[in-house]
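Asks: Structure incoming, see below.
The values are calculated or read from the model by the stated rules, or taken from the named source; none is laboratory data. Values in this document were obtained by computation on a predicted structure and should not be read as measured data. Every residue, glycine among them, receives a Cβ derived from its backbone with ideal geometry; neighbour counts consider all protein chains shown.
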């Protein structure tokens, strides 16, 4: 029996140092029927030449300009034929056998449209990493969090989430997705450019009847904040704007009419906190993100590809507020907030 073909696609922009450090680990992947592809987002460093010389087995797709994370992957994956795609960040160290357990799960359960491995910190390998940890969840007002990471609190990996479980979203740092599902959903939303696009994709995938899964038998180590630093104004802008767009696209109308105004109010609280903390530029960025959201809603909006007409049950949805639980009630871990192990 022939194993399904897996295309491991690394989107790169001026990331030669990461390619040098982490591509050797990707090439040691033991899964046989694979292709490793570098999709280069018009880098201005010597990334492409470096890979051609040092890693001749890596296929290269050269994009004419920097299309960002979302459009970059959309453009590249139109040119890739495989049964499964793995969208892998360039700053991720993988284990040799990281592909097999995820593909085995997805081959066994055809309802799984996308999945992620356990994502630990490259700097502290006993700690869950911010971008995905042990699988993503979403609270009632659109705040994403994860099993093992809530806001800035990353838990130690003590095996507390070593169960394969359905989640709301899988991390874009190492996203396994069926090729058919990716194209069925028309890929990532290009308007997002970067940040939140994988959460939006997984939300749409669930609305279309697919499940999102976490596979603990697969482990990777993520550096994180490799392209945009944590307090980058650009990153903050994209996170706030894209989160609002995602809610507008995917929430039922009756919910969006009150949840989005409430979320705007919570954003203003964050803006005030930035001001109090002596970061007025970030306060201004929040207001700019709101203006950009209204511009999108008035002139650029598009309807979600698969509206939730059948009332599809969303896995990994927390029907309360993690803001209240975390900042007011003092609950800092996923298990404390949810109230049970999931």
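Asks: Given the residues 315, 246, which is the only one that is in contact with a helix residue (DSSP H, G or I) (Cβ under 9 Å, 6 or more places away or on another chain), under 29 Å from residue 11 (Cα atoms), part of a loop (DSSP other than H, G, I, E, B) and modelled with pLDDT of 95 or more?
Replies: 315
Asks: Can you tell which of 298, 275, 291, 268 is loosely packed, with under 13 Cβ neighbours inside 10 Å and at pLDDT 95 or above?
Replies: The unique qualifying residue is 291.
Residue-wise test of (1) buried (at least 20 other Cβ atoms within 10 Å of the Cβ); (2) assigned to a helix (DSSP H, G or I); (3) in contact with a strand residue (DSSP E or B) (Cβ under 7 Å, 6 or more places away or on another chain).
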site: 116; (1), (2), (3): yes, no, yes
site: 119; (1), (2), (3): yes, no, yes
site: 183; (1), (2), (3): no, yes, no
site: 191; (1), (2), (3): no, yes, no
site: 204; (1), (2), (3): yes, yes, no
site: 209; (1), (2), (3): no, no, no
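Asks: Buried (at least 18 other Cβ atoms within 10 Å of the Cβ), on the phi < 0 side of the Ramachandran plot, modelled with pLDDT of 95 or more and in contact with a strand residue (DSSP E or B) (Cβ under 6 Å, 6 or more places away or on another chain): does that describe residue 148?
Replies: no
Asks: Report whether or not residue 234 is buried (at least 21 other Cβ atoms within 10 Å of the Cβ) and either modelled with pLDDT of 95 or more or on the phi < 0 side of the Ramachandran plot (or both).
Replies: The answer is no for residue 234.
Asks: Something else: Restricting attention to segment 1-21, does a residue exist that is more than 18 Å from the chain's Cα centre (by Cα), buried (at least 23 other Cβ atoms within 10 Å of the Cβ) and over 26 Å from residue 167 (Cα atoms)?
Replies: Yes, because at least one residue in segment 1-21 is more than 18 Å from the chain's Cα centre (by Cα), buried (at least 23 other Cβ atoms within 10 Å of the Cβ) and over 26 Å from residue 167 (Cα atoms).
Asks: Here is a list of conditions, (1) under 24 Å from residue 157 (Cα atoms); (2) in contact with a helix residue (DSSP H, G or I) (Cβ under 6 Å, 6 or more places away or on another chain); (3) without any contact (Cβ under 8 Å) to a residue 60 or more places away in the chain, and residue 218 meets all of them except one; can you say which number that is?
Replies: That leaves (3) as the condition not met.
Asks: Take the conditions exposed (fewer than 15 other Cβ atoms within 10 Å of the Cβ) and within 24 Å of residue 68 (Cα to Cα) and apply them to residue 44. Does it pass?
Replies: yes
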